[in-house]
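Visitor: Have a look at this one before I ask anything.
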Amino acid sequence: MVVAYFYIWVRLFLPTIMRAVLKFGGSVLRRGRDYLKLVEEVRKFLDAGWEVVVVVSAIKGVTDMLEQLARPCPAWREKIVELRELHERALHEVGLPSSLEKEVMGKMNSLLSELYRAVEAVNTLSETSPKVRDYVLSFGERLSVLIAWAAFMKFGVEAVCLTGREAGIVTDDKFGEATPLYDVSRVYVNETLGRFLKARVVPIVTGFIAGTIDGRITTLGRGGSDLTATLLAALLDADIVTLYTDVPGIMTGDPRYVKSPLVVPRLSYDEAIACARLGAKRLHPRTFEPIRKTRVKTIITAIGTEEKTEITRDKSSPPLKLVTQLERVNIVRARVSERKLADTLIELALGLSKMGVDNLPYIQYSEFDQQVSIIAREDVTSKTIQILRDLQEKNLTRDIEYIHSVSLVSVVGHGVQDLGNISPLLASIRGITVQTLLMFDCAVSLAVSSDRSIETLCRLHDELVKQWRDAYS
Ligand code: ASP
Ligand code: MG
């Protein structure tokens, strides 16, 4: 008892050190000067006494270039030269004294030679594999952390570069879309990064790439740097994780299509998960999974703005937050025997994840017509149908059918369950044929033909923003 009181008193008077994971996406890393801005942002936290882990993506567009190099490609030598020039230019723009610049350039060149050898092998053998692809794709982030490191040196801030695996993130060997193994990673990450944080050295970790237990490079799927950041935040029990992008938060609608979108100030984790899965802002669908049940607060913002989206565990108003769209998806459906419903859903989920289809946005079951619907990306539709056929052989499903290539326009917000909120939105799209409507906890999704999707999105968005204005003015 006495010991407990003593502990509480000591804790009260000890200054608590706050911990942040700050992730800088490719959209804010276009040239050398962006890395200087990154360091300025990180310094604000360091100066306020925070412990900071930095996660960086590849420079904008680089992963797309590497995708081309990961398979046989006639102009591969020219593309590597292009990559070299792009990174050299960025490094030079950081403006290190020339001896230091040479040192970093040396490290960069040895990475580029490694890449050259791998791509040469792909072209000599005219062959690639998911493992090779992950290896080739990893160079974007590995080159990017070097430039970030140079920028930290320029400001005299002590930092260290680490790949995701070196930082301690261990995954399974599902190359292309690997899943982190939490228990091992927790131990490794705390051991490795904890040591640097204690010594006030900033770890700069490659987003997107990690590794198997025996050290082979894996990737977490395109856009996976967000997941690296949230994962590290969860494993390190951080106070916040901030994802810096080129827009100041999650918007009420895609700015490329809708009129005057607003930044959504607050979302719950469940709403954010629905957004990520249903297409908002190209967030990795699993971004929020590691932190959903933790106390970590997520912030999505741009550098140098006060505007932001804050994601926490609490529900907030307004009840409807935003509209999103997913293009070219298929909806696969089958009837399920009610008596064996639980078995069927479990087998279905297991089958999907075993075949590497667990990144799907959603599975929905409708009690009314005893039908299960799966929103399937084009590349996983045939696998999904195969799983349902296997279940059919066990008499668990029947009447398999699918709706081909539709756009899924969704309204996200915990208030979708309330007809009073949602009916004005549905009324706003009168005249547009909705092929199917799927209802989830935090979202309602409408499948419409691709040529009407933007119109649907815009009409829903106008109505949603009108509801906001009515509520707040
Ligand atoms: N560079 C990777 C990609 O473009 C990962 C990321 O940016 O999140 O997909
Ligand atoms: Mg991204």
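The values are calculated or read from the model by the stated rules, or taken from the named source; none is laboratory data. Please read all numbers here as calculations on a predicted model, not as lab measurements. Positions of Cβ are generated from backbone atoms using ideal geometry, with glycine treated the same way; all protein chains shown enter the neighbour counts. Keep in mind that these areas ignore ligands, DNA and RNA; they rest on the heavy atoms of the full protein, side chains included. Shrake-Rupley method; radii C 1.70, N 1.55, O 1.52, S 1.80 Å.
Visitor: Quick check for me: using +1 on Lys/Arg Cβ and -1 on Asp/Glu Cβ, what's the dipole size of the chain about its Cα centre, in debye to the nearest 20?
Guide: 460
Visitor: Stick to the Cα atoms of the chain, pair each with every other, and give me the Kirkwood hydrodynamic radius in Å at one decimal.
Guide: About 23.9 Å, per the Kirkwood formula over Cα pairs.
Visitor: So what's the net charge close to Ala443: Lys and Arg +1, Asp and Glu -1, counting the other residues with Cβ under 9 Å from its Cβ?
Guide: Spelling it out: positives minus negatives among the neighbours equals -1.
Visitor: Also: In whole Hz, what ³J(HN,Hα) sequence does segment 163-170 give by Karplus (6.51, -1.76, 1.60; θ = phi - 60°), x for Gly and Pro?
Guide: Working through the residues one at a time gives 6, x, 5, 5, 6, x, 7, 10 Hz.
Visitor: Something else about it: Could you work out what % of the accessible surface of the chain is carbon and sulfur, using a 1.4 angstrom probe and leaving DNA, RNA and ligands out of the count?
Guide: C and S fraction of accessible area: 52 percent.
Visitor: Something else: Compute the relative contact order of the chain as a whole-number percentage, counting only Cα pairs closer than 8 Å that sit 6 or more residues apart in sequence.
Guide: 13
Visitor: Around Tyr188, with a cut-off of 14 angstrom between Cβ atoms, what is the net charge of the other residues, counting Lys and Arg +1 and Asp and Glu -1?
Guide: -1
Visitor: Here is a follow-up. Would you kindly work out the equivalent ellipsoid of segment 129-170 from its C-alpha gyration tensor and give its semi-axes, the square roots of five times the eigenvalues, largest first in whole Å?
Guide: They are 25, 12, 4 Å, listed from largest to smallest.
Visitor: Here is a further query. Between Glu378 and Tyr257, what length comes free when the chain is fully extended (0.36 nm per residue of separation minus the Cα-Cα distance, one decimal in nm)?
Guide: Extra length available between Glu378 and Tyr257 comes to 41.3 nm.
Visitor: Let me ask something additional. Which number do you get for Rg(Cα) / (2.2 N^0.38 Å) in segment 200-262?
Guide: 1.48
Visitor: Any idea how far the Cα center of segment 57-71 sits from the one of segment 169-193, in Å?
Guide: Here the answer is 23 Å between Cα centres.
Visitor: Hey, another quick one. Could you check the spin-label model distance between Ser129 and Arg117? Points 7 Å from the Cα along Cα→Cβ, value in nm.
Guide: Simple spin-label model gives 1.8 nm for this pair.
Visitor: Can you tell me the dipole magnitude for segment 65-139 around its Cα centre, using point charges on the Cβ only (Lys, Arg +1; Asp, Glu -1), in Debye to the nearest 20?
Guide: Dipole size: approximately 160 debye.
Visitor: Continuing with this model, one more query. Name the residues of segment 27-66 whose amide N is less than 13 Å from a point 7 angstrom out from the Cα of Cys73 along the C-beta direction?
Guide: Residues passing the 13 Å test: 61-66.
Visitor: Could you work out the per residue convex hull volume over the alpha carbons of segment 98-151, in cubic angstrom?
Guide: So the per-residue Cα hull volume is 57 Å³.
Visitor: Let me ask something else. Along Cα→Cβ, 7 Å out, is where each label goes; now give me the distance between the ones at Arg398 and Ser27 in nm to one decimal.
Guide: According to this spin-label approximation, the distance is 4.8 nm.
Visitor: Could you give me the ³J(HN,Hα) list for segment 399-415, computed from phi with Karplus coefficients 6.51, -1.76, 1.60 and θ = phi - 60°, whole Hz, x at Gly and Pro?
Guide: Couplings: 6, 6, 8, 8, 9, 8, 6, 10, 9, 10, 9, 10, 9, 10, x, 5, x Hz.
Visitor: Using a cut-off of under 20 Å, list every residue of segment 437-469 whose amide N is near the label point 7 Å from the Cα of Glu338 along the Cα-to-beta-carbon line.
Guide: 439
Visitor: Might you tell me the accessible area per residue for the chain, computed with a 1.4 Å probe and given in Å²?
Guide: Per-residue accessible area for the chain comes out at 46 Å².
Visitor: Quickly work out the Ser110-to-Ala302 label distance, labels modelled 7 Å from Cα along the C-beta direction, and quote it in nm with one decimal.
Guide: 3.9
Visitor: Let me ask you something else. Using only the alpha-carbon atoms of segment 248-365 as identical scatterers, what base-10 log of I(q)/I(0) does the Debye formula give at q = 0.10, 0.22 Å⁻¹?
Guide: Those come out to -0.39, -1.27, one per q.
Visitor: Once amide H atoms are built 1.01 Å from N in the peptide plane, which residues 5 or more positions from Val264, or in another chain, come under 5 Å H to H?
Guide: Here the answer is Ile250, Met251, Thr252, since their amide H atoms fall under 5 Å of that of Val264.
Visitor: What do you get for Rg/Rh over segment 123-240 if you use C-alpha atoms and the Kirkwood form of Rh?
Guide: Rg/Rh: 1.00.
Visitor: Run the numbers for Lys354 and Val184: contour at 0.36 nm per residue of separation, minus the present Cα-Cα distance, in nm.
Guide: Using 0.36 nm per residue and subtracting the Cα-Cα distance, I get 59.1 nm.
Visitor: Then there is this: Can you divide the C-alpha Rg of segment 282-346 by 2.2 N^0.38 Å and report the result to two decimal places?
Guide: The value comes to 1.68.
Visitor: Given a cut-off of under 8 Å on Cα pairs at least six residues apart, what relative contact order in percent is computed for segment 382-473?
Guide: Relative CO of segment 382-473 lands at 29 percent.
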